[in-house]
Structures are given as structure tokens and as C-alpha cells.
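The values are calculated or read from the model by the stated rules, or taken from the named source; none is laboratory data. Predicted model only: the values in this text are computed from it and were never measured. In this analysis, Cβ positions are derived from the backbone assuming ideal geometry, glycine residues included, and neighbour counts consider all displayed protein chains. Protein only, heavy atoms only, side chains kept; ligands, DNA and RNA dropped before computing areas. Shrake-Rupley method; radii C 1.70, N 1.55, O 1.52, S 1.80 Å.
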Amino acid sequence: MARLIREVMTRNVEVISPNDTVREAARKMRDLDVGPIPICDGKRVQGMITDRDIVVRAIAEDMDPARTPVSAIMSKGIQYCFEDDQAEDVLERMEELQLRRFIVVDRDKKLVGIVALGDLAGEESGRRVGKALEGISEPASH
């Protein structure tokens with residue numbers, strides 16, 4: 001039976017404001033024990049910041065984490081899916097784009113959750129998730 005993204009996604013995702021500092025984002029990641037945090041202005045997603053973004057785009061470039069807003073280093077144009085999309089279709093897109101996670105929005109494009117590759121591992125798709133994970137890499141952006 002086909003599953004919808006809303007059935008497997010993580011709800012109540014913590015977000016950070018575009019004007020919050022890199023230090024605030026790092027502390028939030030530590031406290032929540034997460035790597036990615038969506039950046040939202042209200043309920044609209046503006047981008048995403050990951051622990052890797054902080055290291056590669058801020059620290060390695062000698063930016064001051066206490067003064068640098070997350071908007072200066074966030075990834076823009078992030079991939080998203082809708083909460084009523086089929087899980088198998090989203091898995092296919094993740095494979096094609098070699099991404100580990102998508103933001104989940106409702107039809108008004110407001111944030112409702114996040115779905116990671118591991119969330120999509122079910123009986124019918126477990127092998128595909130493993131195969132997709134083998135090919136996924138996160139190249140550094142410069």
C-alpha cells in the first residue's frame with residue numbers, strides 16, 4: 001500500500017529566524033541533537049542551515065559566529081515536497097537529486113515537517129533507501 005509523506009515525516013520541526021546568528025543556530029543544533037534546521041520567516045521556509053554549513057561556510061571562512069546571521073550562510077532554493085506526496089515518489093526524487101532530506105510543506109507552502117531518507121525506509125523501499133544512500137554525497141559549496 002502506498003504511503004503518504006505525512007505518514008512518515010517528522011512534525012513540529014524547530015526553526016530559526018534568518019536574522020539569528022550562526023552561534024544561536026549551532027547551540028540550537030546541539031540542544032536538539034540535530035544537523036539541519038530550516039530557516040523561516042514566519043511559517044515560510046527561506047532556506048536551510050546544517051552543521052556542515054556552519055563549518056564550511058562560516059568557520060572555515062573566518063566569519064564571527066556571534067555576529068554572522070544564518071541568512072549569510074544558509075542554503076537557498078532547498079528541495080521540498082508536499083505532505084500529500086507519495087513516499088515512493090519523494091524517494092525517487094531524493095535518489096535523482098542525491099539529497100538526504102526534504103522540507104515538507106502543505107499546499108499553501110507552509111512548513112509542516114521534514115522528511116529524511118531514513119524515514120522512507122519501509123518494507124517495500126528499504127533496499128532502495130540503502131541504494132540511494134550509497135550514491136548520496138554532500139559536496140562542499142564554495
Quick one: go through the range 1-30 and flag any residue whose amide nitrogen is under 18 Å from the point 7 Å out along the Cα-to-Cβ line of GLU61. 18-26
Please list 27-36, 88-97 highest first by mean number of surrounding beta-carbon atoms within 10 Å per residue. 88-97, 27-36
Restricting to lysines 8 or more places apart or on different chains, can you count the pairs in the range 5-137 with Cα atoms under 29 Å from each other? 10
For the range 5-137: accessible area per residue (Å², 1.4 Å): 56 Å²
State the percentage of accessible surface on the range 5-137 attributable to carbon and sulfur atoms; use a 1.4 Å probe and exclude ligands, DNA and RNA. 44 percent
